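Remarks on the structure that follows.
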Amino acid sequence: MSYLYRTMSALTERDHQVIWHPYTQHKDLLPPIPVIQGKDSLLFDEKGKAYIDAISSWWVNIHGHGHPYIAEKIYRQALRLEHVIFTGFTHEPAVSLAERLLPLLPGDFSRVFYSDNGSTAVEVALKMAIQYWGNATPATPTAVTAGATPQRTKILAFRHSYHGDTFGAMSVSERSVFTAPFQDYLFEVIFIDTPTRENIGDLRSRIRRQGDEIACFIYEPLLQAAGGMRIYDAGLLDELLDEARQQAILCIADEVLTGFGRTGKLFAGEYLRQKADIICLSKGLTGGTMALGVTAATERIFQAFLSDDKRKTLFHGHSFTANPLACSASLASLDLLLEEDCLHRILHLTQRHQTFLNTLRSFPVVKNARALGTILAFELNTGRDEYINTIGPAITREALAAGIYLRPLGNTVYVMPPYCITEKEMDQVYDFLVHCIRTIGLHPISEKIL
């Protein structure tokens, strides 16, 4: 028995003594699986069993695990400069990444602000938008009494949205099981439904009525991920953004998940005619190797913070802002993403999901089978449509036994694999889904059977 195997064999028990896992109820917790290695689409446990990572490990590993090109770039950067404070200093990886990202983004962005993850990228965007109006509004009583436009203080967001777990990000997210304990500490937000042909007129009218109160509109373009993998129409979103533009409302695109090829295009904003003023990025940014967040803004936003008045500075930062290792990983991930082979694999995976929808729709227990780019999702008609539906953990357990990692959002089952997943591995995932659906169709209380 190797040293590695002997030391890892007790890892689950050691974990039990000292770790508090995210989104996890530790009462009667099933032992977590010790993962000792990842390669491409596979994760390997201490006994050598392989699991297909069908959700890209929380939606981040777009190129799979252990990619040698990204690892080599991180290694070489670590030998040169692992970190430096980003106030008063700069470095090549941060500047190069901004120079490469800006021309690719769906909009007229000119500046990149680095942070640590998706939640903080959203926090930065909200602070930029709120302070933009504060910086632009005259502070003198004379201006107010002369009838100047009052400072905009409200934020517009969609119901069923999820933008992160920090307090600002929670505030602009759906009030749910994630936010309930903190309800009294969240700031007020105007929530509206995602647009449909039936409600688009009412939504536009509401924005028109309240437009001069609203500082910004934050949205996940085309796909509300943690809110249940909800897909909505690009053309109708364009209509809402057009109304927001007419009311001078700043638009914030949260592309933390949808960026870097997930929707079939490099960014979901490419499906839209109207572009955002601010965009938030993370997850696939580094290829899933390290934590990094980006908030990019237009020059108009940036100019509002240029002033002789130091109080108009954006007072925000993080200890690991623009970490050189993370920036180097992002540059390597971009290299891989823009290769013709990777773009072809994204297209092929998109087409495979669309074909598999026909199979899913043949089962009565399946509701609302849908796909967008490399993301496939559907609901199982078992209990309520909610995150705490017990069918989700039951499917995860069954999938792990079959050598697949899935993590449904309650009864919303989804697949979001790395772009490197093989034909055989994808077939194995599809076959497993059909097995589960058939089992559930035969046994209405099949979460107990599973």
Out of A276, A322, A296, which single residue is out of contact with any helix residue (DSSP H, G or I) (no Cβ under 6 Å at 6 or more places or on another chain), within 20 Å of E255 (Cα to Cα), in a loop (DSSP other than H, G, I, E, B) and not β-branched (V, I, T)?
A276
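Would you mention how many residues in region 165-186 are loosely packed, with under 14 Cβ neighbours inside 10 Å and in a loop (DSSP other than H, G, I, E, B)? Break it down stepwise before answering.
From region 165-186, those loosely packed, with under 14 Cβ neighbours inside 10 Å are 177, 180-185; that's our starting set.
Subsequent filtering for residues that are in a loop (DSSP other than H, G, I, E, B) retains 177.
Qualifying residue count for the region: 1.
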Could you list, ordered by first residue, the pairs with Cβ atoms under 9 Å in which the first is in region 192-218 and over 24 Å from Y132 (Cβ atoms) and the second is among the small types (G, A, S) and surrounded by 15 or more Cβ atoms within 10 Å (Cβ to Cβ), at least 6 apart or interchain?
T194/S161
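Could you say whether any residue in region 237-250 is over 22 Å from the mean Cα position of the chain (by Cα), on the phi > 0 side of the Ramachandran plot and assigned to a loop (DSSP other than H, G, I, E, B)? Steps first, please.
Kept after step one, since they are over 22 Å from the mean Cα position of the chain (by Cα), are these residues of region 237-250: 239, 242-249.
After this cut, where a residue has to be on the phi > 0 side of the Ramachandran plot as well, the list is 248.
With assigned to a loop (DSSP other than H, G, I, E, B) added as a condition, the list becomes 248.
Looking through region 237-250, at least one residue is over 22 Å from the mean Cα position of the chain (by Cα), on the phi > 0 side of the Ramachandran plot and assigned to a loop (DSSP other than H, G, I, E, B).
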By residue number, the members of region 265-301 that are among the hydrophobic types (A, V, I, L, M, F, W, C), out of contact with any Leu (no Cβ under 8 Å at 6 or more places or on another chain) and over 15 Å from F113 (Cβ atoms) are A291
Quick check on A54: is it touching a strand residue (DSSP E or B) at 6+ places or on another chain (Cβ under 6 Å), among the hydrophobic types (A, V, I, L, M, F, W, C) and touching a residue at least 12 places away in the same chain (Cβ under 8 Å)?
yes
Report, by residue number, each residue of region 39-55 that is surrounded by 20 or more Cβ atoms within 10 Å (Cβ to Cβ), touching a His at 6+ places or on another chain (Cβ under 9 Å) and not hydroxyl-bearing (S, T, Y).
L42, L43, D53
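Residue-by-condition table, conditions (1) out of contact with any helix residue (DSSP H, G or I) (no Cβ under 9 Å at 6 or more places or on another chain); (2) under 20 Å from G64 (Cα atoms):
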| site | (1), (2) |
| --- | --- |
| L338 | no, yes |
| I346 | no, yes |
| R352 | no, yes |
| K367 | yes, no |
| D385 | yes, no |
| N389 | no, no |
| L409 | no, no |
| V415 | no, yes |
| T439 | no, no |
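Could you go through region 296-317 and let me know if any residue there is within 29 Å of P418 (Cα to Cα), in contact (Cβ under 8 Å) with a residue 40 or more places away in the chain, in contact with a strand residue (DSSP E or B) (Cβ under 9 Å, 6 or more places away or on another chain) and crowded, with 21+ Cβ neighbours inside 10 Å.
Quick first cut of region 296-317, residues within 29 Å of P418 (Cα to Cα) only: 296-297.
Next, only the ones that are in contact (Cβ under 8 Å) with a residue 40 or more places away in the chain stay: 296-297.
Okay, now just the ones that are also in contact with a strand residue (DSSP E or B) (Cβ under 9 Å, 6 or more places away or on another chain), so 296-297.
Add one more test, that the residue is crowded, with 21+ Cβ neighbours inside 10 Å, and what stays is 296-297.
Checked against the condition, which is being within 29 Å of P418 (Cα to Cα), in contact (Cβ under 8 Å) with a residue 40 or more places away in the chain, in contact with a strand residue (DSSP E or B) (Cβ under 9 Å, 6 or more places away or on another chain) and crowded, with 21+ Cβ neighbours inside 10 Å, region 296-317 yields at least one hit.
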Just to verify a result, which residue in region 409-429, among those that are out of contact with any strand residue (DSSP E or B) (no Cβ under 6 Å at 6 or more places or on another chain) and open to solvent by 10 Å² or more (accessible area, probe 1.4 Å), is modelled with the lowest pLDDT?
L409
Considering region 367-393, residues that are aliphatic (A, V, I, L, M) and either at pLDDT 90 or above or over 18 Å from Q224 (Cα atoms) (or both), and then whichever is surrounded by the most Cβ atoms within 10 Å (Cβ to Cβ), we arrive at L376
Mind listing whichever residues of region 187-228 are in a helix (DSSP H, G or I) and over 20 Å from T153 (Cα atoms)?
I200, G201, D202
With L81, L43 as the choices, which residue is hydrophobic (A, V, I, L, M, F, W, C), farther than 30 Å from T412 by Cα and at pLDDT 95 or above?
L81
Neighbours by Cβ (under 6 Å, 6+ apart or cross-chain): first from region 264-291, closer than 18 Å to I231 by Cβ; second acidic (D, E) and assigned to a helix (DSSP H, G or I):
L272/D238
Selection from region 14-29 of residues loosely packed, with under 10 Cβ neighbours inside 10 Å and at negative phi yields Q17, V18, W20, P22, Q25, H26, K27
Name every residue in region 249-271 that is open to solvent by 10 Å² or more (accessible area, probe 1.4 Å) and within 21 Å of Q354 (Cβ to Cβ), in order of residue number.
L257, G264, K265, L266, E270, Y271
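Within the group L360, L337, which residue is at pLDDT 95 or above and in contact with a His (Cβ under 8 Å, 6 or more places away or on another chain)? If you could, list the steps in order and put the result at the bottom.
On the way: L360 fails: in contact with a His (Cβ under 8 Å, 6 or more places away or on another chain).
After ruling out the rest, the residue left standing is L337.
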From the set of residues in region 195-236 that are β-branched (V, I, T) and under 18 Å from the mean Cα position of the chain (by Cα), which is least open to solvent (accessible area, probe 1.4 Å)?
I218
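The values are calculated or read from the model by the stated rules, or taken from the named source; none is laboratory data. Source: prediction; values computed, not measured. Every residue, glycine as well, gets a Cβ built from its backbone with ideal geometry; the counts of neighbours run over all protein chains shown. Calculation scope for accessible area: heavy atoms of the full protein, side chains included, ligands and nucleic acids excluded. Shrake-Rupley method; radii C 1.70, N 1.55, O 1.52, S 1.80 Å.
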